[in-house]
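This report refers to the structure that appears directly beneath it.
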Amino acid sequence: MNKKPTLGLKENWVQFTILVIVNAFVGGMVGLERSIFPKFAELEFGIASKTAILSFIIAFGITKAITNYFTGKLANKYGRKNLLILGWLFAIPIPFILMNAAHWNWVIFANILLGINQGLTWSSTVVMKIDLVGEKDRGLAMGINEFAGYFAVGIVAFLTGIVAQKYGITPYPFYIGIGISIVGLLLSILFVKDTRKFVNQEQKIDTTKKLDNVFLETTFKNKNLSAITQAGLVNNLNDGMIWGLLPILLISLQFDTKSIGIVAAVYPSVWGIGQLFTGKMSDLYSKKKMLFWGMLLQGIAIIFIVYTTNFLSLVFIAAILGFGTALVYPTFLSAIAATTTPTQRAESIGVFRLWRDLGYAIGAILSGIIADVWGIEDAIISIGMITILSSFVIKFRMTE
């Protein structure tokens, strides 16, 4: 006889903890490239154009965005666990391709695989945690999930910076990726259980109105969903710019690889740790206010980057940017989940994550072009202004 599933974080803490650990490994795969890639591009391939260097983020962002959408769309049909395992299979070749890349196109291909890996694995762990915990602890669950992922991004970014400083840009930093991908795959196969039965259980007691068209409502028509979605896109638009241009700016200021690794790591680390607190806050306080202030803080911090050359000041700005992002990131997901029925939730989160992660590509293209034409400072200020504008879309379009 099958035991009836019980919703709740406490009730499902073992499976929840396993998913948190898995998502830390998922984040680690992104951290692999975070601090060393601009130098990797220049030293290994002689690429100096900002737009060309950012092409790896464009490839990653578009692929991840599309994969997010299909992961959400197919989660009910094929099962969350199956999609999670498939995602890890795409991760295995990535470090080997980067270590042996003979041409920049190999790097682009590795980032296409990384986009597929992240779309399948991260989306699956997000949806599975929401499935397990029920309504009461949704924000806390997303905070813990995103903490694990982004703290791991920061830790691995720091480690690759240290390894690159000591042993060179390649191949040693990429050995970390081999370990991450193998352990992530084994954990997912051996310990993760599918959560579709929890969805069926919650659907019986849910009273949320069904959306007529999940894609259109999440993108344009529903005031709350569309306001959240545009902010998600802008959030990753500025993250794509930071990922690509911040290390280049720091190189121009004569910072060494270790210092660049520290600044590049502080932002996702504060973003990650902050979500342990902001996730629970989104269960207790106004989601709208948290999204508004988070986006506004991000925009202001980004603009301040260009007005300092001091290492400690840049670390402080990176921390403020990380805190602003921590305010919005788990709140996005818990707000989407609160506005959709359990059976439509995975698809709506998939649509949100489609647009959010297209922000990586749009941010990389936009900031790369502005940086090549007018300079890095103008690119950073422009992205900061767009982020501030997004905060006011939340303020005036979203309801409480």
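The values are calculated or read from the model by the stated rules, or taken from the named source; none is laboratory data. None of these values were measured; they are calculated from a predicted model. Counting neighbours? That spans all protein chains shown, and the Cβs are built from the backbone with ideal geometry, glycine included. Heads up: the accessible areas ignore ligands, DNA and RNA and are worked out on the full protein's heavy atoms, side chains in. Shrake-Rupley method; radii C 1.70, N 1.55, O 1.52, S 1.80 Å.
Taking only protein heavy atoms and a 1.4 Å probe, what accessible area per residue, in Å², does the chain have with all protein chains in place? Show your work: numbers first, answer last.
Details: 15350 Å² over 400 residues.
Accessible area per residue: 38 Å².
Look at where the Cα atoms of segment 242-256 and of segment 118-197 average out, and the two centres are 26 Å apart.
One Cα centroid belongs to segment 323-339, the other to segment 24-45; the line between them spans 26 Å.
Taking the C-alpha atoms only, the angle from helix 223-252 to the longest principal axis of the chain is near 20 degrees. A run of the chain free of exposed loop cleavage sites, with chymotrypsin sites (Phe, Trp or Tyr not before Pro) counted only in DSSP states other than H, G, I, E and B and at most 12 other beta carbons within 10 Å, reaches its longest extent at 1-306.
As a calculated quantity, the FRET efficiency between W13 and Q203 at R0 = 25 Å, using C-beta atoms, amounts to about 0.65.
Once the Cα atoms are used to define both axes, helix 80-91 deviates from the longest principal axis of the chain by about 10 degrees.
Taking Lys and Arg as +1 and Asp and Glu as -1, the other residues whose beta-carbon sits under 15 Å from that of G28 total -1. For segment 351-364, the Karplus equation 6.51 cos²θ - 1.76 cosθ + 1.60, evaluated at θ = phi - 60°, returns couplings of 5, 4, 6, 4, 5, 4, 7, 5, x, 4, 5, 5, x, 5 Hz by residue, with Gly and Pro reported as x.
Tell me, what is the percent relative contact order of the chain, built from C-alpha pairs under 8 Å that lie six or more residues apart?
Numbers: 771 pairs, mean separation 112.5, N = 400.
Taking the mean separation of contacting Cα pairs over the length of the chain, I get 28 percent.
Here is how the number arises for the chain: DSSP H runs of 4 or more residues each give -39500 (n - 2.57), the sum is divided by the residue count, and the result at 222 nm is -28000 deg cm²/dmol.
Count charges around K288 for me, please; just the other residues with Cβ under 12 Å from its Cβ, Lys/Arg as +1, Asp/Glu as -1.
Working: positive: K223, K287, K289, K395, R397; negative: E400.
Taking every Cβ under 12 Å from that of K288, the sum is +4.
The accessible area of V270, taken with all protein chains in place and a 1.4 Å probe, comes to roughly 50 Å².
The modelled label-to-label distance between L312 and F96, using points 7 Å beyond Cα along the C-beta direction, is 4.8 nm. Relative contact order of segment 121-224: 26 percent, from C-alpha pairs under 8 Å at least 6 residues apart in sequence. Positive-end ranking of L89, N76, A65 along the dipole of segment 1-90, with charges on Cβ about the Cα centre, is headed by N76.
For a label point 7 Å from the Cα of L216 along Cα→C-beta, name the residues of segment 344-378 whose backbone N is under 19 Å from it. It comes to 344-345, 347-352, 355, nothing else.
Going by accessible surface with a 1.4 Å probe and the largest first, M281, M295 read M281, M295.
Note on S313: accessible area is roughly 50 Å² with a 1.4 Å probe, heavy atoms of protein only. For the chain, the carbon plus sulfur part of the accessible surface works out to 67%, probe radius 1.4 Å.
Relative to the longest principal axis of the chain, what angle (0 to 90°, nearest 10) does the C-alpha long axis of helix 13-34 take? The helix 13-34 is inclined about 20 degrees to the chain.
Computed with every protein chain present, the accessible area of E377 is close to 90 Å² [probe 1.4 Å].
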